[in-house]
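To start, the structure itself, in structure tokens.
The values are calculated or read from the model by the stated rules, or taken from the named source; none is laboratory data. Everything numeric here is computed off the predicted structure, so don't read it as measured data. Backbone-built Cβ (ideal geometry, glycine too); neighbour counts: all protein chains shown. Heavy atoms of the whole protein, side chains included, go into the accessibility calculation; ligands, DNA and RNA do not. Shrake-Rupley method; radii C 1.70, N 1.55, O 1.52, S 1.80 Å.
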Amino acid sequence: MRLAVTGTIGIDTVYTPRDRREGAPGGSAAYFSAAASFMAPVRLVAVVGDDWPAEHRAALAGFAGVDLAGLEVRPGARTFAWGGKYADDPNVRETMFTQVGVLEERPPVVPHDFRDSELVFLANTHPAVQLGFIDQFPSRKLVVADTMNLWIQTAHSELMDLLKRVDGVILNDSEAAMITGSKNPVTAGRGILEHGPSFAIVKKGEHGAVLIHRDGLAVIPAFPADESQVIDPTGAGDAFAGGVMGALAKSGRTDMAAVQDGMAWGTVLASFTIEAFGLERLQALQKSELLQRHARMRDIARFG
Ligand code: AMP
């Protein structure tokens with residue numbers, strides 16, 4: 001199935017307890033499409049300013065399978081930029097700054113050639129913008145969205161409108177708790193389904209993820225990492241979503257068993273993403289390493 005993603009392309013500044021990077025290629029749609037491209041071709045719809053560095057374009061273009069025809073470079077506009085600082089616990093992150101820049105202006109338009117996409121991922125951006133993309137995909141079969149604390153706090157009613165229109169959401173546990181008031185991922189997931197979606201994947205950082213749908217549940221552990229392997233957790237959530245949606249695009253299925261299988265690919269792609277800053281680890285990733293770790297994941301999570 002044809003897969004499209006909308007979301008942010010950003011210039012990231014990331015501080016971890018041991019190291020830092022300034023001006024790295026990032027953004028929700030960048031991580032998503034880089035990860036998804038290991039599974040299936042992916043069409044990217046986003047907007048940047050003319051300050052977007054040429055090496056960031058080169059980094060994204062280096063992922064065979066990422067179609068950049070829907071990436072608008074808007075003259076005179078400033079690219080979205082974000083700064084985050086991690087505590088010793090990699091699940092704890094503080095946003096140092098968010099420069100919305102071009103996101104404040106009119107959103108990009110889905111190119112005509114992308115309108116036949118059947119799978120649509122609305123990566124993190126303002127919920128009103130996410131909502132505006134849905135009808136630009138008239139062939140959509142499955143629309144899945146992500147959101148984050150900033151939008152839950154500042155655009156709550158638009159987020160509720162968005163939930164009515166999507167088939168699924170992929171969120172982390174703190175976001176699900178902010179939306180529903182429950183810290184329990186199952187209760188929060190069920191609470192989200194009451195707002196409209198037919199499934200919710202609630203991610204729990206190093207504790208894996210839970211899929212909650214109308215007929216049941218599924219769980220997946222995270223790929224166990226030694227703390228020395230966790231270099232920069234940024235983008236893990238978007239890479240996870242890229243793996244899930246990429247796997248659906250590859251299998252041509254949208255049933256819950258296929259979503260569950262997709263969660264394993266998402267987990268493995270997220271585990272690679274955090275092994276280096278920005279997109280660096282995904283840039284170096286070989287398909288054979290991905291297949292090996294997926295097989296290893298099956299071994300270590302097995303019981304029977
Ligand atoms: P994650 O670590 O999966 O939550 O994603 C981190 C990425 O999201 C970074 O590359 C940021 O550029 C991007 N990002 C941060 N804040 C926002 C926001 N409010 N809306 C959209 N994207 C964001």
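Some values worked out for this structure:
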{"quantity": "Residues satisfying the stated conditions in the range 95-107, i.e. more than 10 Å from the ligand (Cβ to nearest atom) and crowded, with 19+ Cβ neighbours inside 10 Å", "calculated": "Gly101, Val102, Pro107"}
{"quantity": "Residue match in the range 168-181 (condition: under 27 Å from Leu279 (Cα atoms) and free of Cβ contacts under 8 Å to residues at least 24 places away in the same chain)", "calculated": "no"}
{"quantity": "Selection count, the range 151-184, where residues are among the aliphatic types (A, V, I, L, M) and under 18 Å from Glu104 (Cα atoms)", "calculated": "3"}
{"quantity": "So Val230, is it under 26 Å from Ala61 (Cα atoms) and modelled with pLDDT under 95", "calculated": "yes"}
{"quantity": "Residues of the range 163-197 that turn out to be surrounded by fewer than 17 Cβ atoms within 10 Å (Cβ to Cβ) and among the β-branched types (Val, Ile, Thr), as a count", "calculated": "2"}
{"quantity": "Residue list for the range 1-12, restricted to those being within 11 Å of the ligand (Cβ to nearest atom) and either open to solvent by 10 Å² or more (accessible area, probe 1.4 Å) or outside any strand (DSSP E or B) (or both)", "calculated": "Gly7, Thr8, Ile9, Ile11"}
{"quantity": "Strands (runs of 3 or more DSSP E) enclosed by the range 189-279 - at least 1 residues per element that are basic (Lys, Arg) and touching a residue at least 24 places away in the same chain (Cβ under 8 Å)", "calculated": "199-203"}
{"quantity": "Residue list for the range 43-94, restricted to those being of a type in the set (Val, Ile, Thr) and within 16 Å of the ligand (Cβ to nearest atom)", "calculated": "Val45, Val47, Val48, Val66, Thr79, Val92"}
{"quantity": "Hits in the range 122-150 (condition: within 16 Å of Pro107 (Cα to Cα) and either within 13 Å of the ligand (Cβ to nearest atom) or of a type in the set (A, V, I, L, M) (or both))", "calculated": "Leu122, Ala123, Asn124, Thr125, His126, Pro127, Ala128, Val129, Gln130, Leu131, Ile134"}
{"quantity": "Residues that are farther than 19 Å from Pro107 by Cα, surrounded by 21 or more Cβ atoms within 10 Å (Cβ to Cβ) and in contact (Cβ under 8 Å) with a residue 60 or more places away in the chain, drawn from the range 31-59", "calculated": "Tyr31, Ala34, Ala35, Ala36, Ser37, Phe38, Met39, Val42"}
{"quantity": "Number of positions in the range 206-251 that are surrounded by fewer than 18 Cβ atoms within 10 Å (Cβ to Cβ) and within 13 Å of the ligand (Cβ to nearest atom)", "calculated": "1"}
